[in-house]
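Only one structure is covered here, and it is reproduced in the block below.
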Amino acid sequence: MNIVLKLGGHVIFGEQIDTDLLKQYASLIEDIFDGGRWVVVIGGGETARKYIKTAKQLGLDETSCDETAIKITRVNAYLFARSLGNKACQRIPETVDEIRMLSDTGRVVVAGGLQPGQSTMAVSILAASVIGAERIVVATDVDGIYSDDPKKNREAKLIPRMSYEEMAVLAQKVSQKAGQYQIIDMVGLAMLLRTRIPLYYVNGYKLDMVRDAVLGKRAGTIVTP
């Protein structure tokens, strides 16, 4: 299989790093990795948001704030790669070309951010494109895509399946701010509409769902062309 797993930084790297969950992910990947081209993209989590806030308070420009967050994602990626041991490349890629090259080593590639103005969701879609991924598994802190923010609206409904076009309409209705309910950012959406790779949204705390999504069996929400 050729797979991209986009792991939201807040799932493991929240207020405190969830070492037990990190080890569980390492065990899961060790169990199901089949030697194909696999890329795991790690977000920045709460630490990145704190550093961005500090950078803004210091008067840094937006590009510098992005670069600050990227450094945090790469530290998170480094820890994740180390937890995988020899199953993973221990070099954290900094460009798409490096992702392409490392994906041919027979080991899992673990990446963070690549460049300013580009979310880790956008990185996941780029990675999926260059490795010919069958799907992108998006592990977040909710069960899938909802009609509204499920943390704020108890009436929000889980949507089992949707098209790219339906996702685009819904994404425009919800917040695009970091730390708030976000389906996909606009840059990532534009890339997705071009690459046409299926998305499997799952709850990153439920590793049985993550496993099934990676294997293409089920997901909280499946988004297809």
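The values are calculated or read from the model by the stated rules, or taken from the named source; none is laboratory data. As the structure is a computational prediction, the values presented were derived from the model and not from experiment. When we count neighbours, we look across all protein chains shown, and the Cβ atoms used for this are built from the backbone with ideal geometry, even at glycine.
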Original post:
Take the residues of region 2-17 that are modelled with pLDDT under 95 and in a loop (DSSP other than H, G, I, E, B): which is surrounded by the most Cβ atoms within 10 Å (Cβ to Cβ)?
Top reply: GLY8
Original post:
GLY59 fails exactly one of the following numbered conditions: (1) in contact with a Cys (Cβ under 8 Å, 6 or more places away or on another chain); (2) not in a helix (DSSP H, G or I). What is the number of that condition?
Top reply: (1)
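In the list ILE42, ILE92, which residue meets the criterion of being touching a strand residue (DSSP E or B) at 6+ places or on another chain (Cβ under 7 Å), farther than 25 Å from LEU189 by Cβ and crowded, with 21+ Cβ neighbours inside 10 Å? Reasoning before the result, please.
Working: ILE42 fails: farther than 25 Å from LEU189 by Cβ.
Going through ILE42, ILE92 in turn, the sole match is ILE92.
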**OP:** Within region 81-103, track down each residue that is touching a residue at least 12 places away in the same chain (Cβ under 8 Å), out of contact with any helix residue (DSSP H, G or I) (no Cβ under 7 Å at 6 or more places or on another chain), at negative phi and not acidic (Asp, Glu).
**Re:** ALA81, ASN86, THR95, LEU102
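Quick one: which helices (runs of 4 or more DSSP H) sit completely within region 116-206 and have at least 1 residues that are of a type outside the set (A, V, I, L, M), under 29 Å from ASP97 (Cβ atoms) and under 14 Å from the mean Cα position of the chain (by Cα)?
Working: elements: 120-131, 164-171, 186-195.
Counting at least 1 such residues, we get 120-131, 186-195.
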**OP:** For residues that are within 16 Å of the chain's Cα centre (by Cα) and of a type in the set (D, E, K, R), tally how many sit in region 72-93.
**Re:** 1
**OP:** Six or more apart or on different chains, Cβ under 7 Å: which pairs go from a residue in region 104-131 that's touching a residue at least 24 places away in the same chain (Cβ under 8 Å) and surrounded by fewer than 23 Cβ atoms within 10 Å (Cβ to Cβ) to one that's in a helix (DSSP H, G or I) and acidic (Asp, Glu)? Could you list them?
**Re:** PRO116/ASP66; PRO116/GLU67; GLY117/ASP66
